[in-house]
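Participant: Following this message is one structure expressed as structure tokens.
Nothing in this text is a laboratory measurement; each read-out follows from the coordinates by a stated rule. These numbers were taken from a predicted model, which means no experiment stands behind them. Cβ placement follows ideal geometry from the backbone for every residue including glycine, while neighbour counts extend to all protein chains displayed.
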Amino acid sequence: MAAYVLAQLRVHDPTTFQHYREKVAPLIERFGGRYIVRGGEVSPLEGQVADPRLVIIEFADRDAARRWYESEAYQEILPLRLNAASGSVVIVDGV
């Protein structure tokens, strides 16, 4: 069953975040993931949007998503995102 990594972020250092984006895209692909949503305009229909940047990445399954996130390669670049943005990142199973 497919699994999705959902990130809701507020970017406060666009330059550092751009470096992160350049490095993370090939890693996602290497681990079999693909972007479903990568930024773009968010238009709330109900409630408040906690953080304005939404990213959804699809992986074959939860294990594939975890392998990507926990990989040495991703952990090396993760500090770029943590220093450039705040928010939440979760894994959710598809249907």
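Participant: How many of the residues in the stretch 39-72 are in a loop (DSSP other than H, G, I, E, B) and not hydroxyl-bearing (Ser, Thr, Tyr)? Spell out how you get there, then give the answer.
Facilitator: Narrowing the stretch 39-72 to residues in a loop (DSSP other than H, G, I, E, B): 39-52, 60-61, 71.
Narrowing the set further to residues that are not hydroxyl-bearing (Ser, Thr, Tyr) leaves 39-42, 44-52, 60-61.
Adding up the residues that qualify gives 15.
Participant: Would a scan of the stretch 36-51 turn up a residue that is within 13 Å of ILE91 (Cβ to Cβ) and in contact with an Asp or Glu (Cβ under 8 Å, 6 or more places away or on another chain)? If you could, list the steps in order and put the result at the bottom.
Facilitator: So in the stretch 36-51, the residues within 13 Å of ILE91 (Cβ to Cβ) come out as none.
Looking through the stretch 36-51, none of the residues is within 13 Å of ILE91 (Cβ to Cβ) and in contact with an Asp or Glu (Cβ under 8 Å, 6 or more places away or on another chain).
Participant: Test of understanding: among ARG38, ARG34, ARG62, which residue is within 23 Å of MET1 (Cα to Cα) and over 12 Å from the mean Cα position of the chain (by Cα)?
Facilitator: Values: ARG38 fails: over 12 Å from the mean Cα position of the chain (by Cα); ARG34 fails: over 12 Å from the mean Cα position of the chain (by Cα).
Only one candidate passes the filter, namely ARG62.
Participant: Now for a different question. For the stretch 1-38, give me each residue that is part of a helix (DSSP H, G or I) and among the β-branched types (Val, Ile, Thr). First the steps, then the outcome.
Facilitator: Taking the stretch 1-38 as the starting set, the residues that turn out to be part of a helix (DSSP H, G or I) are 14-30.
Matches in the stretch 1-38: THR15, THR16, VAL24, ILE28.
Participant: Further, regarding this structure: Only one of GLN48, GLN8 is out of contact with any helix residue (DSSP H, G or I) (no Cβ under 9 Å at 6 or more places or on another chain) and buried (at least 17 other Cβ atoms within 10 Å of the Cβ); which? Can you show your working first?
Facilitator: Values: GLN48 fails: buried (at least 17 other Cβ atoms within 10 Å of the Cβ).
It is GLN8.
Participant: Further question: Which pairs have Cβ atoms under 7 Å, sit 6 or more apart or on different chains, and link a residue in the stretch 72-93 that is over 14 Å from ASP51 (Cα atoms) to one that is of a type in the set (D, E, K, R) and not in a helix (DSSP H, G or I)?
Facilitator: Pairs found: ASN83/ASP13.
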